[in-house]
Amino acid sequence: MTDSGGLRVAVVGCGYWGSKHVRVLHSTDGVDDVVLVDGNTDRLNSLTRGYPGAARFPNLEEALPYVDAVFIATPPTTHVPLALRAIAAGKHVLIEKPLAPTTAGARQLIEAAASAAVVLMVGHTFEYNPAVWKLRDLVRSQALGELYYLDSARLNLGLYQSDVNVILDLAPHDVSIINHVLGESPVAVQAWASRHAHPRFEDVAYLRLFYDDHRLSANIHVSWLDPCKVRRVTAVGSEKMAVYNDLASDERIRILDKSVRRQVVENDDLTQPPMSYRYGDILSPYVASDEPLGIQDRHFVDCIRGGLRPITDGANGLAVVEVLEAAQLSLELDRPVLLNELGSPGIATGEVLNQPMSPTRPWLREHHPIGVDAGHRRVRVPAVGAMR
């Protein structure tokens, strides 16, 4: 820390998200110095014009002696090695989403941070968004009635990434929002994705998340290849529905007094409608306009100074990475993947059991430990990565 007790922080990666962190941190109480780190001289020069007094370094190693904390806003495949270097040097770390590309990497970061007694936080910015808080409150208070499902869409033309597909790039936001709103993680994930314009990475994907309550599900649609920019989450309940539109300048949350009811049809009269429809008012509650990134970065600083556990800590980041990894495996295996299958020897070798299906959830196999015969016929599927 500086003589005044403020933090010295480094922002590693001064591109789209990194430059936003630099702006926010310059006005964050408790931060005295913001150091810029990027191997791209043009990016550094461009950002330094707005912050002429900021120190700048071409790599993390040169910056580490001069900082107390590190913000990592680099491509996902670099998150783990960069964060491990910072943690080994005793620095607190905030990592942009996703925490890591794999659950193994996420666990490695959690263990390293615990051993070094430093704060590890993931940049799930939407969990600091007042509109998401409002949606969470509506769902958890059952203001919408029994929740039937959540549906999330994150679409745009671009921006294509160089190291991950659209699931790893965009879906962390939606998985984080859904986990936060529901207060629980799914038990299984199924994914469908296609490569259209990119020869290596999927640019359009659909995910379905399943929960212990088989009546509840969540759907996610992410795309780099859509003519319309969409940032929307819909919650459908038995009494009302709510829509969170992150692109709306006002009325980001709209509560629609709409629902359906099953009709009592006598004598199986097929000429009668099976459902009745109710239409009511549309309300838009007040939502604070505080910038989520500012709330998030202040929280990180407060956690460092007060020895607090972040809301979006390593465990929170791991919960999102587990869903992403299960989605990737679902693409490879062409079936739903249980989160408790992750890391199983049978997944690594591509061996699964042809198990009987649950009558209430036909997608969900009655689970036996993979690799144990249990009297079922074994089938072979492609090993992870074999279809890449």
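In table form, for the structure just shown:
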quantity	calculated
Where PHE201 falls short, out of the listed (1) of a type in the set (A, V, I, L, M, F, W, C); (2) over 18 Å from LEU135 (Cα atoms); (3) in contact with a strand residue (DSSP E or B) (Cβ under 8 Å, 6 or more places away or on another chain); (4) in a loop (DSSP other than H, G, I, E, B)	(3)
Among the candidates SER162, SER152, SER141, residue that is at pLDDT 95 or above, surrounded by fewer than 18 Cβ atoms within 10 Å (Cβ to Cβ), assigned by TED's automatic domain parsing to the domain that holds PRO227 and not acidic (Asp, Glu)	SER141
Boolean, SER284 is surrounded by fewer than 18 Cβ atoms within 10 Å (Cβ to Cβ), over 22 Å from LYS97 (Cβ atoms), among the small types (Gly, Ala, Ser) and in contact (Cβ under 8 Å) with a residue 40 or more places away in the chain	no
Among (1) within 22 Å of PRO172 (Cβ to Cβ); (2) surrounded by fewer than 20 Cβ atoms within 10 Å (Cβ to Cβ); (3) at pLDDT 95 or above, the one test that LEU207 misses	(2)
Residue in region 230-245 that is surrounded by fewer than 21 Cβ atoms within 10 Å (Cβ to Cβ), assigned by TED's automatic domain parsing to the domain that holds ARG278, at pLDDT 95 or above and closer than 20 Å to LEU318 by Cα present	no
Odd one out for VAL189, checked against (1) aliphatic (A, V, I, L, M); (2) buried (at least 19 other Cβ atoms within 10 Å of the Cβ); (3) in contact with an Asp or Glu (Cβ under 8 Å, 6 or more places away or on another chain)	(3)
Members of region 137-164 found to be free of Cβ contacts under 8 Å to residues at least 60 places away in the same chain and either farther than 26 Å from LEU283 by Cβ or out of contact with any Gly (no Cβ under 8 Å at 6 or more places or on another chain) (or both), listed by number	ASP137, SER141
Selection count, region 138-159, where residues are over 19 Å from LEU207 (Cβ atoms) and of a type outside the set (A, V, I, L, M, F, W, C)	6
Positions within region 21-49 being closer than 17 Å to ASP297 by Cβ and surrounded by fewer than 13 Cβ atoms within 10 Å (Cβ to Cβ), in sequence order	SER27, ASP29
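The values are calculated or read from the model by the stated rules, or taken from the named source; none is laboratory data. Small disclaimer: the values here were computed from a predicted structure and weren't measured. Neighbour counts run over all protein chains shown; Cβ positions are idealised from the backbone, glycine included.
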